[in-house]
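Everything below concerns the one structure shown next.
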Ligand code: GLN
């Protein structure tokens, strides 16, 4: 058996969702909406099935979706992406991340990863025989530690993996931080894999800027999006990578050995969805912001210290003022079992010496579900 995979545990999202189900808890752990995405997008997928869109589509994605991804890059960010050579459609952003890392890393290369980190990054870097150089963001401010980031770069640095808006922190990297990152990439002639699955889930006061839009970055960045997040259809697993032709051709080689293609009816529906009017994308963010506000206000009222969340599905809350005697893993287990509300321990996103009194709550849920969760927590306290 592969030693690294044998050592890899089951993902925390699956563990906590199973625990939530076992205890009938309201699941604010794993990040998925509890309502369906836009009906017209779902209908487009159903129509496409009946329209006999059921055989292998082209390797890098159906032309209509590649064109829609290129057009969205231009519409939202002014990015010029070639629909024929600059896009690769994947089966979810999860596959896209693996394909990009496979495309860029050789054994012995170094990849700079930023903690807290999404759970698929590190195992894949290791499987490829590369070495991770970890740079930690610390709560409560999650600021980029510039000296430590600089020190993580060296002669063997091949790439940096940047997740903005960031899971689990809800941090949206600032223009100054992005400038600093870009200068390091230029200086060290390194690439960036940009996990931007939450690109359209950004709230007032913050703005998502793809690293790829900065000077000298277009040729160094591969940018990953997810239909699951952009259309609140997380089970669909349609991802897309945009970038320069030389890099996308390598991503396509990885993709051909991972899944080769992605369901054609879903591709057609996502192509349709990406063409929706600006108002759709604005209301997606506005509705989610209202949910963030609801949960944030409620958690604060209960005595949690919530951290700013400018994007994504998630808010981090410090529970140390509640007087609970235990770490975040114990806390998340206890509130699942006793209060009937599930959250994710933030320590799961760190490799060593994690902070131990923060829990990640997902707010991509119906308002009445968020309210019920707050009531359950209040009763428990
Ligand atoms: N990205 C989702 C989260 O952070 C979970 C996806 C998964 O379960 N693999 O909650």
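The values are calculated or read from the model by the stated rules, or taken from the named source; none is laboratory data. Note that this is a predicted model, so its numbers are computed, not measured. Note that we place each Cβ from the backbone using ideal geometry, even for glycine, and neighbour counts take in every protein chain shown.
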Go through segment 106-130 and report how many residues are loosely packed, with under 14 Cβ neighbours inside 10 Å and under 16 Å from residue 190 (Cα atoms).
3
Which residues, counting only those in segment 102-133, are out of contact with any strand residue (DSSP E or B) (no Cβ under 7 Å at 6 or more places or on another chain), within 16 Å of the ligand (Cβ to nearest atom) and farther than 14 Å from residue 166 by Cβ?
120, 123, 124
If we scan segment 63-78, do we find a residue that is at pLDDT 95 or above and within 16 Å of the ligand (Cβ to nearest atom)?
no
Go through segment 26-72 residue by residue and tally those that are in contact with a helix residue (DSSP H, G or I) (Cβ under 6 Å, 6 or more places away or on another chain), closer than 30 Å to residue 11 by Cα and outside any loop (DSSP other than H, G, I, E, B).
4
Do you know which residues across segment 281-306 are under 19 Å from the mean Cα position of the chain (by Cα) and within 16 Å of the ligand (Cβ to nearest atom)?
288, 291, 292
Inspect all residues belonging to segment 186-194 and state whether any of them is more than 27 Å from residue 32 (Cβ to Cβ) and assigned to a helix (DSSP H, G or I).
yes
Only listed residue being closer than 18 Å to residue 334 by Cβ and touching a residue at least 40 places away in the same chain (Cβ under 8 Å), chosen from 317, 305:
317
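For (1) assigned to a helix (DSSP H, G or I); (2) in contact (Cβ under 8 Å) with a residue 60 or more places away in the chain; (3) under 23 Å from residue 194 (Cβ atoms), each residue gets a yes or a no:
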{"site": "247", "(1), (2), (3)": "yes, yes, yes"}
{"site": "251", "(1), (2), (3)": "yes, yes, yes"}
{"site": "262", "(1), (2), (3)": "no, yes, yes"}
{"site": "271", "(1), (2), (3)": "yes, yes, yes"}
{"site": "279", "(1), (2), (3)": "yes, no, no"}
{"site": "284", "(1), (2), (3)": "yes, yes, yes"}
{"site": "287", "(1), (2), (3)": "yes, no, no"}
{"site": "291", "(1), (2), (3)": "yes, yes, no"}
Residue 169 meets each of (1) within 16 Å of the ligand (Cβ to nearest atom); (2) more than 29 Å from residue 282 (Cβ to Cβ) with one exception, condition (2)
May I ask you to say which residue of 83, 96 is within 22 Å of residue 253 (Cβ to Cβ), assigned by TED's automatic domain parsing to the domain that holds residue 241 and within 16 Å of the ligand (Cβ to nearest atom)?
96
